[in-house]
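Some notes on the structure that comes next.
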Amino acid sequence: MSDQKNNDNQKIVIIGGGAVGMAVATSLTRHSNYSVTVFSADVHTAYSQCGMPFVIAGEIENFQALLLRDNKFFKDIGIDLHLETKIDSINIEERTITSDGEKYHFDKLVIATGSKPKIPSSIPGTSLGNIFTLRTLSDAMKIEESLKKASSVVIVGGGSIGAELAAAIVRRNINTVLLNRSPSILSHNVDSDMAEAVQEHLESLGVNVITGYVPSALNGEENVSSVTIGSTDFPADLVIFSTGVAPENELAVNAGINLGPTGGIIVDEYLHPSISGTFNPDIYCGGECIEVHDFITEKPMLSQVASTARRMAGTITQNLTSKPSKFGPILNPWVAVIGDMQVGTTGITSKKAAENDIKIVTGLATGSTRAEYYPGGGRLFIKLIFSDEYLIGAQVVGEEGVKERIDALTLAIKKKTTVHDLANIETCYAPPVSTLQDPTGFAAKGALKKMRKKHDRN
């Protein structure tokens, strides 16, 4: 609930200097009288994690460009910022946190500790040198330095970060292998039929995409020199693991805060954490360390997209400064740019529908992003997923125009749009930006045709 009336000179401690932590801190110093202190174990703060692969690709000049604010800015607006500072414990009853033996009092606490990368411990050789993960700006800088001397790279994990890195690194004329455990890349985001176009694009850039395998071993003496995949050793001057993340919640657990089945902190609609089954009104949690609820399945889930984190920050800030604000179930819309290909998704995939026993009908369409005679256009693939005639998922792959369609289809799901609505969708047209009839309508018509055939059989 809102703490607007009681914030004069109250002390807010924020643990975590990422998208949630710094957005809350900045808003509070501008719109309240709270005394704000931020602790972060990171070397840097207020930078764009999402931009790091594009610096490695050479599309952004340097990592400095990703720093949105310098430390002086935060000091000047009144934030007491502690970087490279590890919090050892939280004492909720005492309202204190402890760092290096020193206690800090809080009236309100924000936990935004983010997530940590997962490296499979079962693979021999993961302790060798030149093995990296990409989570922080420091990680990216270390990878960049290692790439300057590299002729071969193996990326383990074909999710969005792994695929983005593969496209970035191969363009530096470095022999690049992208290895993925699942039969198709991007398997958490899109269905295999939609991932095919992205894999084909990566292969056209020169990436060696290998699916259905995990590394048998990482080989070398001090530094990694090769990766064994199946019965073959692939040269590797460095290895980047992009095999997922887990919520960074050790502090929360030790403080008695409850975790859900996903490993994320259980929160209520105001983003208060659960402690012994009771939600604490003086603590807020947000970002990749909490679990939220899926709009379609209503089940707990984790979200690792920056746009969701920023909305959580807004919810926390409003609850601390103005009227009560709720954070509801999410569709988790996502988009990535992999080489020259864009890929986006919202709602649930066919795989997730099957896991939740949701019967679906899908519609697929291919098209162009511009009029065929207009130069510069590219392919566009659209997949729509319906249940009981309502749109519950959408995937778009193309060379342009993906984000805009995913945004619109996210709203369509939230507004319970039917297959009939989308089959008769009104769209605008100009040769440089679209075809006369948008492929979205054709995808919906394809699904509607399947539904009618099924109805006729019954």
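Given an 8 Å cut-off on Cα distances and at least 6 residues of separation, report the relative contact order of the stretch 48-134 as a percent. Could you put the intermediate results ahead of the total?
Values: 48 pairs, mean separation 10.3, N = 87.
Worked out over the stretch 48-134, it gives 12 percent.
The charge dipole of the stretch 341-452, taken about the Cα centre with unit charges on the Cβ atoms of Lys, Arg (+1) and Asp, Glu (-1), comes to about 280 debye, rounded to the nearest 20. Extents of the stretch 271-330, largest first, come to 29, 28, 18 Å (Cα atoms, principal axes, whole angstrom). Pairs of Cα atoms nearer than 8 Å and 6+ residues apart set the relative contact order; for the chain it is 14 percent.
For the stretch 410-445, the set of trypsin sites (Lys or Arg not before Pro) satisfying both a DSSP loop assignment and a count of at most 14 other C-beta atoms within 10 Å is given as 415, 416.
Treating cross-link reach as a plain straight distance, find the lysines whose alpha-carbon is under 23 Å from the alpha-carbon of residue 86, omitting any fewer than eight places away in the same chain. List returned: 11, 72, 75, 103, 108, 116, 118, 142.
Would you calculate, for the chain, the mean residue ellipticity at 222 nm contributed by helices, counting each DSSP H stretch of 4 or more residues as -39,500 (n - 2.57) and dividing by all residues, to the nearest 500? Don't skip to the answer; put the middle values down first.
Values: 12 runs with 124 residues, N = 458.
The per-residue figure over the chain is -8000 deg cm²/dmol.
One chain, two ends: residue 203 and residue 421. Fully extended at 0.36 nm per residue, the span grows by 74.7 nm beyond their Cα-Cα distance. Two numbers describe the Cα atoms of the stretch 119-241: Rg and Dmax, which are 13.5, 41 Å.
Taking a straight Cα-Cα cut-off under 21 Å and skipping sequence neighbours fewer than 8 places away in the same chain, the lysines within cross-link reach of residue 414 are 299, 326, 351, 352, 359, 383, 403, 445. Ratio of Rg to Rh for the chain: 0.99 [Cα atoms; Kirkwood radius as inverse mean 1/r over pairs]. Calculated on C-alpha atoms, the gyration radius of the stretch 341-452 divided by its Kirkwood radius gives an Rg/Rh of 0.97. In a DSSP loop and with at most 16 other Cβ atoms within 10 Å, the trypsin sites (Lys or Arg not before Pro) in the stretch 1-88 are 69, 86.
Counting charges near residue 244 (Lys, Arg +1; Asp, Glu -1) among other residues having Cβ under 11 Å from its Cβ returns a value of +3.
Sparse packing (at most 11 other Cβ atoms within 10 Å of the Cβ) combined with a DSSP loop state is found for the following GluC sites (Glu not before Pro) in the stretch 1-98: 61, 84, 93, 94.
Each reported figure results from applying straightforward, stated rules to the coordinates on display, with no laboratory input. The model shown is predicted, which means the values in this text are computed figures rather than measured ones. Note: ideal-geometry Cβ built from the backbone for every residue, glycine included; neighbour counts use all protein chains shown.
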